[in-house]
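*Asks:* Please see the structure below; I have some questions.
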Amino acid sequence: MEALFNQYKDQVILWAAKNGTNLIVALIILIVGHWLAKRISHLLQKAMQHKGMDLLLINFIRGVAYYAIMAAVFIAVAAQVGIDTTSFLAILGSVGLAVGLAMKDNLSNFSSGVMLVLFRPFTFGDFVDVAGVSGSVVAINLFHTELKSPDNQRIIIPNSLIMGQVITNVTGNATRRIDMVFGIGYGDDIAKARDVIIAALESEAKVLKDPAYTVAVSELADSSVNFVVRPWVATADYWDVRFRLTESIKLALEANGISIPFPQRDVHIIQPAQA
């Protein structure tokens, strides 16, 4: 056993003496190449930011550039240690084909990520509904997209699931319409109720004048006359204005003696006739 160890030890020492310089150079190439990949990708990011490019596109291109440079570095390292790069590339291509077939879902995610970056149905910070979940866009990576839910959960979605379904960009436009319904009693004055609702809308500073809001009777329901109230607001003000109007319109209707019906049921008890 000791003789076998000594035999291989001598071979290792001989190989190291013969190829030590190449190994050192290969290690230097790897270290310098890794530093250059990080440096170049960082400079590329800075240049794209200076041009005002979209943040999601910047992050995506930076990732692709980094991995492309590192692939070239590994090929240079292989050549330095004596591996035939022609054969190496052929073997790598064969392995890549096999891996590609085994990882077709990841390739689909990658191609979907490219499509998301090119066509940009949403960008950083947009609030979207995709693949059955909702959240603000944090990042588009090579294989997945990251969202942050309103209650601060981190949501990771494969890119292929996003491109294969309907994408709703909730904050994609500068303005949004708030759709609200208020019901009044059948015995209440419709014209007065309309004036009260309009006054509440006019008193809300963040309701836009253009497009104009809509206040109209939409339905004669089972227990109420329903008004649709549809003001337009800046997208960033949507929820604040919606919450305030819900409260202010209810209080205004009550202050003016206009009832707001709620579902109720009358129960009639019939006593059986006495024998």
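The values are calculated or read from the model by the stated rules, or taken from the named source; none is laboratory data. For clarity, every value in this text was computed on a predicted model and none was experimentally measured. Note: ideal-geometry Cβ built from the backbone for every residue, glycine included; neighbour counts use all protein chains shown.
*Asks:* What is the number of the single condition among (1) surrounded by 14 or more Cβ atoms within 10 Å (Cβ to Cβ); (2) modelled with pLDDT of 90 or more; (3) small (Gly, Ala, Ser) that residue 113 does not meet?
*Replies:* (2)
*Asks:* Restricting to the range 213-222, count the residues that are surrounded by 11 or more Cβ atoms within 10 Å (Cβ to Cβ) and either within 31 Å of the chain's Cα centre (by Cα) or acidic (Asp, Glu) (or both). Reasoning before the result, please.
*Replies:* At the first step, the residues of the range 213-222 found to be surrounded by 11 or more Cβ atoms within 10 Å (Cβ to Cβ) are 213-215, 217-219, 221.
Checking which are either within 31 Å of the chain's Cα centre (by Cα) or acidic (Asp, Glu) (or both) leaves us with 213, 219.
Result for the range 213-222: 2.
*Asks:* Turning to a different aspect of this structure: Mind listing just one residue for me: the one in the range 101-110 that is exposed (fewer than 13 other Cβ atoms within 10 Å of the Cβ) and farther than 14 Å from residue 164 by Cα and, of those, modelled with the highest pLDDT? Can you show your working first?
*Replies:* Narrowing the range 101-110 to residues exposed (fewer than 13 other Cβ atoms within 10 Å of the Cβ): 101-102, 104-105.
Keeping just the survivors that are farther than 14 Å from residue 164 by Cα gives 101-102, 104.
Working: 101: 48, 102: 46, 104: 55.
Once the filter is applied, the top-ranked residue is 104.
*Asks:* On to the next question. Within the range 181-275, which strands (runs of 3 or more DSSP E) (wholly inside it) include 2 or more residues that are at pLDDT 95 or above and under 30 Å from residue 125 (Cα atoms)? Working first, answer last.
*Replies:* Details: elements: 214-220, 225-230, 232-234.
Passing ranges, in order: 225-230, 232-234.
*Asks:* Something else now. Evaluate the range 120-128: report whether one residue or more is in contact (Cβ under 8 Å) with a residue 60 or more places away in the chain, of a type in the set (Val, Ile, Thr) and within 24 Å of residue 173 (Cα to Cα).
*Replies:* yes
*Asks:* On to the next question. Considering each residue of the range 129-156, count those that are surrounded by fewer than 18 Cβ atoms within 10 Å (Cβ to Cβ), in contact with a strand residue (DSSP E or B) (Cβ under 6 Å, 6 or more places away or on another chain) and closer than 29 Å to residue 66 by Cα, and give that number.
*Replies:* 6
*Asks:* Here's a follow-up. Restricting to the range 157-168, what's the tally of residues that are in contact with a Phe, Trp or Tyr (Cβ under 8 Å, 6 or more places away or on another chain) and surrounded by fewer than 19 Cβ atoms within 10 Å (Cβ to Cβ)? Spell out how you get there, then give the answer.
*Replies:* Residues of the range 157-168 in contact with a Phe, Trp or Tyr (Cβ under 8 Å, 6 or more places away or on another chain): 158-159, 167.
Subsequent filtering for residues that are surrounded by fewer than 19 Cβ atoms within 10 Å (Cβ to Cβ) retains 158, 167.
Adding up the residues that qualify gives 2.
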